[in-house]
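Please treat every number below as a calculation from the coordinates, not as lab data. Treat the numbers as computed from the prediction; the structure is a model and nothing was measured. With ideal geometry, Cβ positions are generated from the backbone for all residues, glycine too; neighbour counts draw on all protein chains shown.
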Amino acid sequence: MMQLKKAICITLLCFLSFAVTAQRSEVGFGLGTLNYTGDLVRRYNFLNSRPAATVFYRSNMSNVVSFRAALTGGKLYGSDSRPIDPFSAQRQASFNIFLIEASTTFEYHFLNWRETKRFVRFSPYLFGGLALFGMSGNGNKPEEYSNVQGAVPFGTGLKYVINPKWYVALEFGARKTFFDYLDNVSIGRENNKNYQYGNPFDNDAYYFLGFSVTRTFYDIPCPTNPYK
């Protein structure tokens, strides 16, 4: 009977501790857009945005640093419809592909927004990490290349706390690639003077702009039995 009472007390303490433990794990999803810059479009143009979505898991390592693993996918588009030079006016190239990305990033929050007695309910943050992306839809490859490539994601965002379990965020991130064929246009062939080439020394990049909702879970550190 005594052992049973001890077990019940320990179990109750586990449940009571739920209310006072620090948040650790989060899952979330987001909707947004993908965009592109490269040989066809030199500057970010919102008119080229295409739908995208993301799901992620986040582990809070401290009150200001978090680790995030995410899967993001969507359409990516660009064209020479607004020529940037005489070559692009002659080229009239375009692309429309599906891209999926797996990434791991670290986030740094500027405000201590997780404090129970906080005076602020929001925090701006920066993030950076590593990613792999795959793409489909680039037919008629001018050169042989792999459809899976690496990238460096980085960017900024703003989080707002709705309540201790839920919060929302607005985020903008760039992906620096080491690849010049997102748009299927690069160095081209020297013996083919059809203007179907771009700048091989200027790698392509893509961007995610999105709004996300996050659900927070809590660790429950059960106390050890002092009578063992």
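So how do ASP39, ASP180, ASP202, ASP85 line up by other beta-carbon neighbours within 10 Å, fewest first?
Least crowded to most crowded, the residues run ASP85, ASP202, ASP180, ASP39.
What's the exposure ranking of TYR145, TYR206, TYR125, going from fewest to most Cβ atoms within 10 Å?
TYR145, TYR125, TYR206
Find, among the trypsin sites (Lys or Arg not before Pro) in region 84-189, those assigned to loop by DSSP (not H, G, I, E, B) with at most 14 other beta-carbon atoms within 10 angstrom.
Numbers: sites: ARG91, ARG114, LYS117, ARG118, ARG121, LYS159, LYS165, ARG175, LYS176, ARG189; in loops: ARG114, LYS117, ARG118, ARG121, LYS165, ARG189.
Hits after loop and neighbour filter: LYS117, ARG118, ARG121, LYS165, ARG189.
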